[in-house]
Structure formats: structure tokens, C-alpha cells
1. State whether the residues of region 27-50 include one that is hydrophobic (A, V, I, L, M, F, W, C), modelled with pLDDT of 85 or more, within 26 Å of the chain's Cα centre (by Cα) and surrounded by 10 or more Cβ atoms within 10 Å (Cβ to Cβ).
2. Name the residues in region 59-77 that are part of a helix (DSSP H, G or I) and loosely packed, with under 10 Cβ neighbours inside 10 Å, would you?
3. From the set of residues in region 51-76 that are closer than 30 Å to Tyr32 by Cα and of a type in the set (S, T, N, Q), which is modelled with the highest pLDDT?
Amino acid sequence: MPFIFWFRWMFPLLGVVFMVVVGSAAVAGFAYWLRSLDGLSAEAGRPVITRSEQDPIEIARERYAKGLITSQEFDAMVERLLKTERDL
């Protein structure tokens, strides 16, 4: 008798609860994804700066500050970047 009770009533009920929870999480994730497509941060509503929108010299500064490149590499990068800006 207890097995029939679980099989007939509890499994379908748990299935519906599971679908509601997973479905609402999927809808929330989809809404978050749609907001990110607009270029707005879902948390603050401010524009999100992507790597392609950052200033290349600023990226070089960050890499130098983190110790990822040496001062000679930094100087060479900045010099090349400034030269290409002048050539445009």
C-alpha cells in the first residue's frame, strides 16, 4: 500500500514541483542573458566594458601593473600603439 501511494501521488507531485523550480530558474537565467545582450549590467544597470572597448594602452598598463610584462615590453607596446594612432 505505501508503494502504491508514493507511485500514484507523490512521484507526480514531486515531478511538478521539480518542473516549477527548474522552469523558474531557467526563466531567470534567460532574463539575465537577455539583459547582458543589451550591454547593460544586470546588477547595476550600467554599461559593461568589454575587452574590445577598452583602450589598448590601458590594457598594457594593467598588464604591466600585474607584472605580466616587463618595463621594456610595456615601453615597446606603448610606442607601437602611439605610432599606429599617429598614422591613422
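1. No: region 27-50 contains no residue that is hydrophobic (A, V, I, L, M, F, W, C), modelled with pLDDT of 85 or more, within 26 Å of the chain's Cα centre (by Cα) and surrounded by 10 or more Cβ atoms within 10 Å (Cβ to Cβ).
2. Initially, region 59-77 is screened for residues part of a helix (DSSP H, G or I), giving 59-65, 71-77.
Across region 59-77, the qualifying residues are Ser71, Gln72.
3. Among those residues, the one meeting the criterion is Gln54.
The values are calculated or read from the model by the stated rules, or taken from the named source; none is laboratory data. These figures come from a predicted structure and were not determined experimentally. So basically every Cβ, Gly included, is an ideal-geometry build from the backbone, and we count neighbours across all protein chains shown.
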